[in-house]
Amino acid sequence: MTLRTGVRERWVRTGEVELCVAERGDPGRPTVVLVHGYPDSKEVWSEVAERLAGHFHVVTYDVRGHGRSTAPRPLRGGFTLEKLTDDFLAVADAVSPDRPVHLVGHDWGSVQAWEFTTVKRTEGRIASLTSMSGPSLDHFGHWINRRMRRPTPRRVGQLLGQGARSWYVYLLHTPVLPELAWRGPLGKRWPGVLERVEKVPRGDGYPTSSLPSDAARGAWLYRDNVRPRLREPRPDAHAHAPVQLITPLGDRFLSERLYDDLEQWVPQLTRRTVAAGHWIPRTRPDQLAAWIEEFVRSVENGRSPVAAGGRHAERFGGQLVLVTGAGSGIGRATALAFAEAGARVVAVDRDGQAAARTAESALRRGARQAWSETTDVSDQRAMEALADKVATEYGVVDVLVNNAGIGLSGSFFDTTPEDWKKVLDVNLWGVIHGCRLFGRRMAERGQGGHIVNVASAAAYQPTRALPAYSTSKAAVLMLSECLRAELAGQGIGVSAVCPGFVNTAITSTAHFAGVDAQEEKRLQRRAARLYGLRNYPPEKVARAILRAVVRDEAVVPVTPEARAARMLSRFAPGALRRIARVRPPV
Ligand code: NAD
């Protein structure tokens, strides 16, 4: 039967059960077997499988009792991990008799895949495992035991935290009730629940109409395995293949802490994190397909699959990051910090040569790929062309950093309309264009992302010396807050980063209104000297930017003076107003 173009279905017998197996792509290429979880069928993988099919021989199958596979009789005792391992080996022998397969598991598919990857009889049949949202029951058992034996307050907290997330596991152990619920109201409402709670888009044949019976029968996965394994976890559950662990940070069923001890079980472990909920095969297919492809290729090519070592590499490895104003200062440092984390970096600047230098350094620092683009962020047409080019050539941006900005100093009456226009065009309109053009594509893709807008402490600290600059930055701060509210439901975070005095070239390019060219030069030199004395490096701002994305922070003052001003603006605005009156030294 053919469900989508290029999908071939067949049946594989294992004992009394017939498994429905779907294949995509060229069988001559490395085989990737995707195992679904609970309550699901192989269609949970359709988005990821479609993306991988151009590169690999991609196989999905309905776990026994699910989808179009037949169920064991009786159900009780028919879903043990031993039987599920028989099924996997039967599928692997049918689809890739001569070469080991790359396994990918989600939820219970991952629980199973851990079993396959840690038992002796599958050795040599598995080339790698990519696991998401489903721990090894043996590792989980040891994790619990270790915390019970040495119950420090932190460990008890971890136990209670995971215990609370496992409420549904206790329910599934009650007799009959889960079956009644799934075959009744819960089964009907499930697509709506997934959409509301997990942001899983409806349609496209998922979830399938078999869901109520999948969920009812699949309760035996839990009943047949969880208690016995947690009570007596195997002592030798070591992985015999490299493992890539993808941890969704917003998983409401599994705590990140579950994987703390994993290195002891897995000699070659690559960690990844993604800001998303539990159902990532549906909500983050692009990211998953990219990580699976990269991991499988590196194992196939005999390269060490461990991700680049920089800070936050587990989060940003392979992500597409675009930074404006990347030719100098904070933008350059930010592009390089993302490069060290293994991102794919687009360095944008109106100074093309400076952008190209940043892209070259990015490659040396560990970026998977790096490009430079010469664009003036204040030019709407140019930004539209850039957004089109990036979308067609590099993909949808995962992290956008609107950083390009210029300085403008001088009293309100010295600031000409042209000065105002220039600073607002770059500092505000540049950010608006970036958010509109790249943010829209992010939102339309529906797979999350993050926007960082570089504002300034001047956004909340008034001063008579910088009326235009401060106004532009206050607007960026408010725009960021509004956009954050608008995009919250779509998994897109927005952060406004507000540095104080940072030692960059901005001082020597800033315009000083109301003075002649010679005086302007002198003021620029003096500002550069003062910022040099303060000597706060742009690399520290870059670190704060990466952290803001990881933690999804709303407003991030950077430098002690920026933090102090933020406090004053909230708790003693009168004091800040008095400071605002101080004349800048001449
Ligand atoms: P910088 O001058 O070192 O770097 C700015 C970069 O932006 C330069 O490479 C420049 O060519 C580029 N750029 C300027 N206008 C552009 C345009 N229209 N289109 C494309 N690129 C453009 O300055 P920096 O200190 O790194 O500043 C970066 C951001 O940080 C700015 O938004 C700035 O307002 C903000 N900021 C800086 C400080 C500070 O003390 N340096 C403090 C607070 C906020």
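Computed quantities for the displayed model
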item	result
Lone unmet requirement of (1) away from the ligand (no atom under 16 Å from the Cβ); (2) more than 30 Å from Val32 (Cα to Cα) for Ala385	(1)
Where Trp279 falls short, out of the listed (1) under 21 Å from Gly342 (Cα atoms); (2) touching an Asp or Glu at 6+ places or on another chain (Cβ under 7 Å); (3) hydrophobic (A, V, I, L, M, F, W, C)	(1)
From the options Ala356, Ala333, residue that is closer than 18 Å to Ala505 by Cβ, of a type in the set (Gly, Ala, Ser), open to solvent by less than 20 Å² (accessible area, probe 1.4 Å) and within 16 Å of the ligand (Cβ to nearest atom)	Ala333
Cβ pairs under 8 Å, 6+ apart, first in region 362-378 and aromatic (Phe, Trp, Tyr), second part of a loop (DSSP other than H, G, I, E, B)	Trp371/Tyr394
Residue pairs meeting the criteria (Cβ under 7 Å; at least 6 apart or on separate chains; first assigned by TED's automatic domain parsing to the domain that holds Ala488 and in a helix (DSSP H, G or I), in region 443-457; second open to solvent by 10 Å² or more (accessible area, probe 1.4 Å) and among the small types (Gly, Ala, Ser))	Ala457/Gly500
Conditions (1) in contact (Cβ under 8 Å) with a residue 40 or more places away in the chain; (2) surrounded by fewer than 22 Cβ atoms within 10 Å (Cβ to Cβ): number failed by Arg344	(2)
Region 274-293 residues that are assigned by TED's automatic domain parsing to the domain that holds His450, paired with ones that are open to solvent by 10 Å² or more (accessible area, probe 1.4 Å) (beta carbon under 8 Å, 6 or more apart)	none
Within region 15-73, strands (runs of 3 or more DSSP E) holding 3 or more residues that are within 23 Å of the chain's Cα centre (by Cα) and buried (at least 21 other Cβ atoms within 10 Å of the Cβ)	31-35
Residues of region 158-167 classified as within 22 Å of Asn225 (Cβ to Cβ) and surrounded by 13 or more Cβ atoms within 10 Å (Cβ to Cβ), total	5
Breaking point among (1) part of a loop (DSSP other than H, G, I, E, B); (2) within 12 Å of the ligand (Cβ to nearest atom), for Arg464	(2)
Which listed residue, of Gly366, Gly329, Gly325, is within 30 Å of Phe501 (Cα to Cα), in the same structural domain as Thr504 (by TED's automatic domain parsing) and at pLDDT below 95	Gly366
Members of region 127-137 found to be open to solvent by 10 Å² or more (accessible area, probe 1.4 Å) and either under 18 Å from Ala90 (Cα atoms) or part of a helix (DSSP H, G or I) (or both), listed by number	Ala127, Leu137
Search result, residues across region 260-271 that are outside any strand (DSSP E or B) and touching a helix residue (DSSP H, G or I) at 6+ places or on another chain (Cβ under 8 Å)	Asp260, Asp261, Leu262, Trp265
Where a residue in region 198-215 is surrounded by fewer than 16 Cβ atoms within 10 Å (Cβ to Cβ) and its partner, wherever it lies, is assigned to a loop (DSSP other than H, G, I, E, B), with Cβ under 8 Å and at least six apart	Pro201/Gly446; Gly205/Leu3
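The values are calculated or read from the model by the stated rules, or taken from the named source; none is laboratory data. No experiment lies behind these values; they were computed from the predicted model shown. Cβ atoms come from the backbone with ideal geometry, glycine included; neighbour counts cover every protein chain shown. Heads up: the accessible areas ignore ligands, DNA and RNA and are worked out on the full protein's heavy atoms, side chains in. Shrake-Rupley method; radii C 1.70, N 1.55, O 1.52, S 1.80 Å.
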